[in-house]
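Okay, so here's the structure we're looking at.
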Amino acid sequence: MGAVTGPKQARSRVTRRHLLEAAVSCLAEQGWAGSTVSVVAERAGVSRGAAQYHFPTREDLFTAAVEYVAEERSAALRELFHAGPATDRSDAVEALVDLYTGSLFRAALQLWVAASNEEQLRPRVTELEARVGRETHRIAVELLGADESVPGVRETVQGLLDMARGLGLANVLTDDTARRARVVAQWSRIIDATLGP
């Protein structure tokens, strides 16, 4: 019986992952209004029934999708700096800013907007964003080698993340690459000055 369950569970995990990735793509490209369970199922190459088996509601699907990709990005970011704090903090600052300029951020932004208007979605998104925010802050502290017991360091790290989110917002409407590079360079200098050698 175990031989049957193993491959079936593996297929189920693959189907779930395809649904989550398709949901993030749909949300980032088409927004909340254009992202339905049917659209995601079609993009993932599975039936609507299979999608609803894994995610009974639309809210379940999209909050799980944003959470899944956030976890994947966190893991990738940690792997990038596996040896501990970045030797060049500007690399860490750039990597943190990059978290807010891709499809994950676009998808999360669509989810935030939807949550502002949909009561049933708001508490789930609020809780998810609080958890993702705490994890991102922990990663930033680790990558920067920041000692938050020093006055002003915690606020500087949080300011960096707030600035990165703002750059992500600016990038939603236009390609903000050139300005973003200058701002990242300046924040790298601020981080070095605040955190010291």
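What follows draws every value from the coordinates through simple rules; no lab data is involved. These numbers were taken from a predicted model, which means no experiment stands behind them. Every residue, glycine among them, receives a Cβ derived from its backbone with ideal geometry; neighbour counts consider all protein chains shown.
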- Binned at 10 Å starting from 0, the alpha-carbon pair-distance distribution of the chain in whole percents comes out as 9, 31, 30, 20, 9, 2, 0
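With only Lys, Arg, Asp and Glu charged, each at its Cβ (+1 for the first two, -1 for the last two), find how big the charge dipole of segment 2-195 is about the Cα centre; round to the nearest 20 debye. Each step should come with its number before you reach the end.
Numbers: 23 positive and 26 negative charges, 116 e Å.
It works out to roughly 560 debye.
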- Relative to the chain, whose Cα atoms define the longest principal axis, helix 2-30 and its Cα axis are tilted in degrees, nearest 10, by 60 degrees
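Contour minus end-to-end for Gln120 and Ile190, with contour as 0.36 nm per residue of separation and end-to-end as the Cα-Cα distance?
Numbers: separation 70, 0.36 × 70 = 25.20 nm, distance 4.07 nm.
Answer, rounded to one decimal: 21.1 nm.
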- Item | Separation in nanometres of the label points that stand 7 Å from Cα toward Cβ, at Ala170 and Ser47 | 5.0 nm
- Relative to the longest principal axis of the C-alpha atoms of the chain, give the angle of the C-alpha long axis of helix 153-173, reported between 0 and 90° and rounded to the nearest 10°. 60 degrees
- Query: For segment 122-179, which semi-axes, largest first and in whole Å, follow from the square roots of 5 times the eigenvalues of its Cα gyration tensor?
  - Reply: 23, 19, 9
- Item | Inter-site label distance for Glu135 and Arg78 at 7 Å from Cα along Cβ, in nm | 0.9 nm
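What is the packing order of peptides 90-102, 138-150, taking the mean over residues of other C-beta atoms within 10 Å and listing the highest first? Each step should come with its number before you reach the end.
Working: 90-102: 20.2, 138-150: 16.5.
Highest-to-lowest ranking by the protection proxy: 90-102, 138-150.
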